[in-house]
Structure formats: structure tokens, C-alpha cells
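Contents: one structure, followed by commentary.
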Amino acid sequence: MPITPTKKIWMDGTLVDWEMATTHVLSHTLHYGTGAFEGVRAYKTPNGVAVFRLREHMDRLLRSCKILMIDVPFTLDQLCDAVVETVRVNELTEGCYIRPLVYLGYGEMGVNPLLAPTNVIIAAWPWGAYLGDDAAENGARMKISSWSRHHPNSMPTASKTVGGYVNSSLAKVEAVKAGYDEAIMLGPDGRISECTGENLFIVRDGLLISPPPSEAGALRGITQSSVVKIANDLGHQVSFEAMRRDDLYLADEAFLTGTAAEVVPIGSVDDRMVGSGKPGPITKEIQLTYFQAVRGLRPAYESWLTKV
Ligand code: PMP
């Protein structure tokens, strides 16, 4: 997924030219992975460009930092305004991706991060379907990873911690090299946790089921929570329940959810077709409604949009 450069990146309160947005090679986060980030999207709506669930994302960023004991020198309102400003100044429209990052900069070496300076950047660029258009339309080929998700006592899974994504990268590389689109990760207890950057749902006998985030050691996904609301509004029941790999193999339908990936049907898991192997009716209905909601085509979800 190459990055398309845009004009400006927000750095610690000012907009700087894209190519000038650099940091020192001795920045703390570069060495120890201390820091937290978000992934946010903005879409074109009938009333102009809007950021989807902006406040929830920036609130999660602050919560991630709270877990890491990083004091962010900006308020929630300031961070939300900064995202809007970054999207506006770069004249971004449909499907743009926004990457806020809190990192520890230059000045201290050693694993104690407490005295390192805190920096915040927000970048945004046009970005298409994270798992590709084919997976989004026809279903992703998934592989259960040989890498387990972190135990929450080793790495706080409720925080989008920079270093935590080494675990996701190991699983992603393993899956991609074996010819799959994405990995599904089991928690240390062998139950289904989440994917490398997405939550997942199955549909069984008309009921939607997703692993309970904190028990499963999964991130509490904002897309996951949007899908729960959408599913309920469409008259479907949703339940958070622990699941094992055979629950995936035997599901009628399955799909994954994430800001970058959006809503993507799961076609197969470990080469076993999920249902007919084609996106199922409930998955398609939720995917369509989600795409309409993010683009401002569903008045019921208007409050999820922040106009740029
Ligand atoms: N799990 C992980 C590990 C993720 O990185 C993401 C992406 N932020 C998700 C789940 C999905 O979260 P969201 O829907 O809030 O993007």
C-alpha cells in the first residue's frame, strides 16, 4: 500500500511541508516502539468531506497514551481540530486515510521513556481498499496465524501501541507469504482474538458474533462498534462471545471490520470455505449500509460525521 504524498503534515501544532516532516534517528520511539497511533478515514458526502467517528478515534489515541503513561500536550478538541485542518489543507476527498501518531522524540536513550519529549504528528493521504478491491467484493482468504496475539499482561492490547504492531507484522508476513490476504490471530488461550489490523464477526443462524474485545485481547474497534449499531438497526442481534477456530470454519458468514479495511467479507479460513465462499446476505447488507453511512447517505448515522 504505497503512500501518495500530499502537501502538509501537522507536526506539534504547525503544518509543515510533506518532505520536511522528519525526525531525528535517535528518536525514542524508533528504538523502543514507545508511542501510539490511530487510523482514521474521511469520505466525500453530499455535504462535503467528513471525517468518520473522529472524536472516538482521538479519544482512543489519548486512552492508548494513558496506558503508556505518555502525557499528550494537546486536548481532545485540539487534536480533532488538527485532523480536520490536515484534511482540509491537503484538499483530500474520497476515502482518504489519516494517521495521527504520538511518539517520543529525541533527547533520551534507555527504555525509561518518562523524560523523553512527546511529539504528535497527523498525516493524511488518499488510500484505497486496504485488503484490495477483490477481497472487499469477493471475500478475503484468511489464515490462522502461528503467532499468538499478545497476552494483555505482556502488551496492553487495548492500546494502539506502536511496538505492539511487530506482532501484527509477523502474522501478516506469514499469511501473505503463504498466499493469503490476512491473518487471524488466536489469543494466548487459543481463542480467536482479532486480525492483524481488524476485528472479526461471524454469522451463525442469523446471529452476529464477535469476540469480546478485552477478554479476547483485541482492540475495541470503532468499526466494530459501528457495525454493532448498524446490525441492530437492521434488526440483527449481535453477541460478544468467545470463539474457537472451528466456529470460523463452520460459520454461515464471516467478515472483518477496521477503519483501513472497512467491512470485508471472509471467503475462506485455512482453505475451508466460509458458507458458500461468497459474501453472505447479512455481510453484504452490513457492508453496504456501512459504505452509505460513512458517505453521509444514511441520516441515522449523521452524528458519526465531522464536516471538514
Ligand atoms: N484490531 C487492530 C489490532 C487494529 O489495528 C485495528 C485498526 N485500528 C482494529 C482492530 C480495528 O479498529 P478500528 O475499527 O477502530 O479501526
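At a glance:
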quantity	calculated
Residue within the range 39-46 that is touching a residue at least 24 places away in the same chain (Cβ under 8 Å) and in a helix (DSSP H, G or I) present	no
Criterion violated by Leu297 - all others in (1) touching a Ser or Thr at 6+ places or on another chain (Cβ under 9 Å); (2) away from the ligand (no atom under 16 Å from the Cβ); (3) over 26 Å from Asn47 (Cβ atoms) satisfied	(3)
Out of Gly128, Gly190, sole residue that is at pLDDT below 95 and either in a strand (DSSP E or B) or surrounded by fewer than 17 Cβ atoms within 10 Å (Cβ to Cβ) (or both)	Gly128
Any hit, the range 86-93, residues being touching a helix residue (DSSP H, G or I) at 6+ places or on another chain (Cβ under 7 Å) and open to solvent by less than 20 Å² (accessible area, probe 1.4 Å)	no
All positions within the range 61-70 that are open to solvent by 30 Å² or more (accessible area, probe 1.4 Å) and in a helix (DSSP H, G or I)	Leu62, Arg63, Lys66, Ile67, Leu68
Selection status of Leu219, at pLDDT 95 or above and within 15 Å of the ligand (Cβ to nearest atom)	yes
Identity of the residue in the range 24-60, hydroxyl-bearing (Ser, Thr, Tyr) and over 17 Å from Val294 (Cα atoms), that ends up most open to solvent (accessible area, probe 1.4 Å)	Tyr32
Any hit, the range 14-26, residues being β-branched (Val, Ile, Thr) and either in contact with a Cys (Cβ under 9 Å, 6 or more places away or on another chain) or in a helix (DSSP H, G or I) (or both)	no
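The values are calculated or read from the model by the stated rules, or taken from the named source; none is laboratory data. Computed from a predicted structure; not experimentally measured. Note that we place each Cβ from the backbone using ideal geometry, even for glycine, and neighbour counts take in every protein chain shown. Side chains included, ligands, DNA and RNA excluded: accessible areas come from the protein's heavy atoms. Shrake-Rupley method; radii C 1.70, N 1.55, O 1.52, S 1.80 Å.
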